[in-house]
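Asker: Shown below is the structure under consideration.
The values are calculated or read from the model by the stated rules, or taken from the named source; none is laboratory data. For clarity, every value in this text was computed on a predicted model and none was experimentally measured. Cβ placement follows ideal geometry from the backbone for every residue including glycine, while neighbour counts extend to all protein chains displayed.
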Amino acid sequence: MGKIDRLLVRYGGNVVQLAIALWALALVAAFAGLLRPNWRWAIYLVCTVAVTAIVVQWTRTVRERYIREARLPAYLKRKLRETYPHLSQKDCELVERGLRQFFMACMRSRKQFVAMPSKAVDALWHDFILHTQAYKTWCHNALGFFLHHTPAEALGAKARNNDGLRRAWFWACKDEAINPKAPSRLPLLFALDAKMAIAGGFTYLPDCSNILAKNAAGGDGSGTYCGTSFADGSHSGSSDDFGGADSSSSSSSDSSSDGGSDGGSCGGGGCGGGGGD
């Protein structure tokens, strides 16, 4: 990461607040008679909006590139194979890609809670968070906030958890150009447990319309879960817009998550939930 990228990661999330503060001071000064508004203010306003938008977008791009390309600690794959000895080196690399996809969903969810849908990826995430300093640095560069760990889960009775899974599903699908409402295949994050034959893992199918019977969601993870269930309204929460992810994806800021604070927990419960290990 270059010097400019590091500056953007550290301060880019504060540019909106800074712009608002400067204009608030200018307006106060104008009302107090210390400044006299003129036609140049319109130019200043346009320039402020343009520069702010560029910095926010640039910061988001830097974070996305970091999540996709930054090297994760090598010991994580070794620890994963200790947990699941049957996994090959290539399998571990796929699980690492799944973790990156999860972090991307968190970054794009604007600090809203994102649930973990894979036990294989959850094991890798859990080992990562135990190495506090390395994990804190990763979160700062990738997200701008500290992402707390919550265990993997499936759709169940709690609306908050269901919406967290919907956000994970929506952004994982978008990451692979899959229609989240009518998926023809599974995104990696939701396919890994079955692909890796993870004991007690969560097995998903893109569409369960051909299955005559399926386990009720929220069980022990041994049943089959359906990608289409995230949007069909069969579980509590906001299914129409995937927990708000669909509406945020069409906004001008397109799911930017550029918080400037390092080490603070994710607001509103956190992308990884409020609970620790």
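Asker: Name, by its number, the condition in (1) in contact with a Gly (Cβ under 7 Å, 6 or more places away or on another chain); (2) closer than 20 Å to W171 by Cβ; (3) among the β-branched types (V, I, T) that does not hold for I67.
Answerer: For I67, the failing item is (1).
Asker: Residue check, W58 against (1) of a type in the set (F, W, Y); (2) in the same structural domain as D175 (by TED's automatic domain parsing); (3) within 20 Å of F145 (Cβ to Cβ), all met but one. Which one?
Answerer: (2)
Asker: Follow-up. Please go through the range 159-203 and pick out each residue that is within 25 Å of R110 (Cα to Cα) and either touching a strand residue (DSSP E or B) at 6+ places or on another chain (Cβ under 6 Å) or among the small types (G, A, S) (or both).
Answerer: Hits for the range 159-203 are A159, G164, A168, A172, A177, A182, L186, F190, A191.
Asker: Assess whether K77 counts as being more than 19 Å from the chain's Cα centre (by Cα) and surrounded by fewer than 22 Cβ atoms within 10 Å (Cβ to Cβ).
Answerer: Details: more than 19 Å from the chain's Cα centre (by Cα): yes; surrounded by fewer than 22 Cβ atoms within 10 Å (Cβ to Cβ): yes.
Spelling it out, K77 is indeed more than 19 Å from the chain's Cα centre (by Cα) and surrounded by fewer than 22 Cβ atoms within 10 Å (Cβ to Cβ).
Asker: If you check S88 against the conditions, is it loosely packed, with under 15 Cβ neighbours inside 10 Å, of a type in the set (S, T, Y) and more than 30 Å from R6 (Cβ to Cβ)? Before you say what the answer is, go through the steps one by one.
Answerer: Working: loosely packed, with under 15 Cβ neighbours inside 10 Å: yes; of a type in the set (S, T, Y): yes; more than 30 Å from R6 (Cβ to Cβ): yes.
Spelling it out, S88 is indeed loosely packed, with under 15 Cβ neighbours inside 10 Å, of a type in the set (S, T, Y) and more than 30 Å from R6 (Cβ to Cβ).
Asker: What pairs come out if I take residues in the range 126-152 that are farther than 19 Å from R110 by Cα and in contact (Cβ under 8 Å) with a residue 12 or more places away in the chain and pair them with residues that are acidic (D, E) and assigned to a helix (DSSP H, G or I) whose C-beta lies under 7 Å away, six or more apart or interchain?
Answerer: P151/D122; A152/D122
Asker: Hey, any hits in the range 20-43 for a residue that's outside the structural domain of Q133 (by TED's automatic domain parsing), buried (at least 16 other Cβ atoms within 10 Å of the Cβ) and among the polar types (S, T, N, Q)?
Answerer: no
Asker: When you go through K158, K181 one by one, which is the residue that is out of contact with any helix residue (DSSP H, G or I) (no Cβ under 8 Å at 6 or more places or on another chain) and at pLDDT below 95? Please lay out each step first, then the result.
Answerer: Details: K181 fails: out of contact with any helix residue (DSSP H, G or I) (no Cβ under 8 Å at 6 or more places or on another chain).
Matching residue, one of K158, K181: K158.
Asker: Here is a follow-up. When you scan the range 45-72, how many residues do you find that are more than 30 Å from V95 (Cα to Cα) and loosely packed, with under 14 Cβ neighbours inside 10 Å?
Answerer: 7
Asker: Turning to a different aspect of this structure: If R166 satisfies every condition in (1) part of a loop (DSSP other than H, G, I, E, B); (2) modelled with pLDDT of 90 or more; (3) not hydroxyl-bearing (S, T, Y) but one, which is the exception?
Answerer: Of everything listed in (1) part of a loop (DSSP other than H, G, I, E, B); (2) modelled with pLDDT of 90 or more; (3) not hydroxyl-bearing (S, T, Y), R166 misses just condition (1).
Asker: Turning to a different aspect of this structure: Confirm whether P73 is out of contact with any helix residue (DSSP H, G or I) (no Cβ under 8 Å at 6 or more places or on another chain) and within 30 Å of A199 (Cα to Cα). Can you show your working first?
Answerer: Values: out of contact with any helix residue (DSSP H, G or I) (no Cβ under 8 Å at 6 or more places or on another chain): no; within 30 Å of A199 (Cα to Cα): yes.
So P73 fails the test.
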